[in-house]
């Protein structure tokens with residue numbers, strides 16, 4: 001059984017109000033993001049995911065600034081192959097990883113963003129994942145110190161080398177489609193799941209482990225991670241009251257016309273969105289109601305309860321083989337401390 005890698009989330013957006021956070025002053029500034037990173041360091045988190053999307057501040061730049069202002073904080077840098085050429089990306093990550101003493105993590109994102117804005121013409125699912133597979137192969141070979149010649153459908157490099165190699169940047173990867181799972185089984189270090197019930201996660205872990213044996217994987221065994229919202233309070237009763245009140249506020253401002261996510265393009269998002277049809281609470285404390293009112297990604301389902309209850313739920317995922325946890329709730333400044341002081345010690349005691 002793998003150990004435990006606890007990560008938080010730093011919102012990389014300019015406009016306040018992300019997932020209901022009521023912070024306004026300083027939102028989106030380097031000072032605010034640095035405060036979150038330093039709070040994470042002081043309260044038991046190994047690092048934090050920094051998201052990507054066109055219209056947000058550029059993720060690699062934000063991660064570099066935060067790494068320079070912290071001592072142990074490991075930025076999990078989300079990046080899209082459509083934004084980067086693989087050799088350029090490999091060099092940038094290798095440089096930052098060396099400068100920080102091996103603190104860099106990478107989350108490769110293949111999902112559709114706003115491709116026309118940055119000149120990306122690969123929007124079909126098979127093409128996106130085929131491109132990602134080429135991207136990761138080139139990146140890994142360069143990080144291994146190879147001189148790379150590669151002539152693929154999407155990328156071509158000739159006599160590519162790096163002046164230095166990174167220490168150990170892990171490659172996190174998401175996606176639930178067959179194409180995505182094939183890429184993860186061959187190239188990723190950590191496959192991330194959204195907040196599905198235990199039986200769904202167990203099924204996917206078994207399938208990915210079997211697939212890893214058939215795709216010519218040349219790396220260490222694939223590990224698994226969970227990206228989810230956790231609403232933790234001193235008591236279960238208080239947690240559920242606050243969760244239901246938060247969903248009620250979401251419902252007030254929700255309309256189908258405002259939903260920008262197209263579920264046709266994301267199998268994983270569709271899986272967690274459809275969980276609400278199975279019931280409002282699944283397993284011990286997996287709350288599906290947010291999906292009805294625009295909750296997306298990590299906000300589609302929540303783990304709700306006392307610190308001990310949510311830790312017990314996370315420990316059940318750990319027993320299945322999940323060792324990386326990317327957890328968050330809003331307001332971020334308060335919850336990174338609450339989760340660090342209450343949830344992490346309870347989870348560590350169990351796993």
Practice task
Please give the FRET efficiency for residue 114 paired with residue 274, using the beta carbon to beta carbon distance and R0 = 25 Å, rounded to the nearest 0.05.
Solution key: 0.50
Fill in the blank from the handout: Between the Cα axis of helix 178-187 and the main Cα principal axis of the chain, the angle (0 to 90°, nearest 10) is 60
Fill in the blank from the handout: So for R0 = 45 Å, FRET eff. of residue 252-residue 61 from the Cβ-Cβ r, to 0.05, ends up at 0.80
Fill in the blank from the handout: Rounded to the nearest 10 degrees, the helix 86-99 long axis (Cα) sits at an angle to the longest Cα principal axis of the chain of 70
Handout entry: Model label zone, residue 168; criterion: amide N under 17 Å from point 7 Å along Cα-to-beta-carbon; scope the range 197-224
Key = 219-224
Practice task
Go through [x] 24.3; [y] 22.7; [z] 20.7 and flag the label whose value is the computed Kirkwood radius over Cα pairs in Å for this structure.
Solution key: [z]
Handout entry: Two-decimal Rg to Rh for the range 309-351 - Kirkwood Rh, Cα set
Key = 0.98
Handout entry: Euclidean distance of C-alpha centroids, the range 203-257 and the range 136-162, integer Å
Key = 34
Practice task
Label the range 185-228 by shape, choosing from rounded, prolate and oblate, from the square roots a ≥ b ≥ c of the eigenvalues of the Cα gyration tensor; if a/c is under 1.5 it is rounded, and otherwise prolate applies when a/b is larger than b/c, oblate when it is not.
Solution key: oblate
Completion exercise
A chain fully extended from residue 159 to residue 71 at 0.36 nm per residue, minus the present Cα-Cα distance, gains in nm 28.1 nm
Completion exercise
Taking Cα atoms, the helix 30-42 axis meets the longest principal axis of the chain at an angle in degrees (rounded to 10) of 80
Handout entry: Anisotropy class of the range 70-149 from Cα gyration tensor, a/c 1.5 cut
Key = oblate
Problem - Over the chain, relative contact order from alpha-carbon pairs under 8 Å, at least 6 apart, % - result: 19
Practice task
Please find, in a Gaussian network model of the chain (springs between Cα atoms separated by less than 10 Å), the residue of 240, 254, 302 whose mean-square fluctuation is greatest.
Solution key: 254
Completion exercise
With the label point 7 Å along the Cα-to-beta-carbon line of residue 207 and a cut-off under 15 Å to each amide N, the hits in the range 173-194 are 174-186, 191-194
Handout entry: Anisotropy class of the range 1-142 from Cα gyration tensor, a/c 1.5 cut
Key = oblate
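Read-outs throughout are calculated quantities, based only on the coordinates presented, and are distinct from any laboratory measurement. In this text, all values refer to a predicted model and were calculated from it rather than measured experimentally. For neighbour counting, all protein chains shown are included, and Cβ atoms are generated from backbone atoms with ideal geometry for every residue, glycine included.
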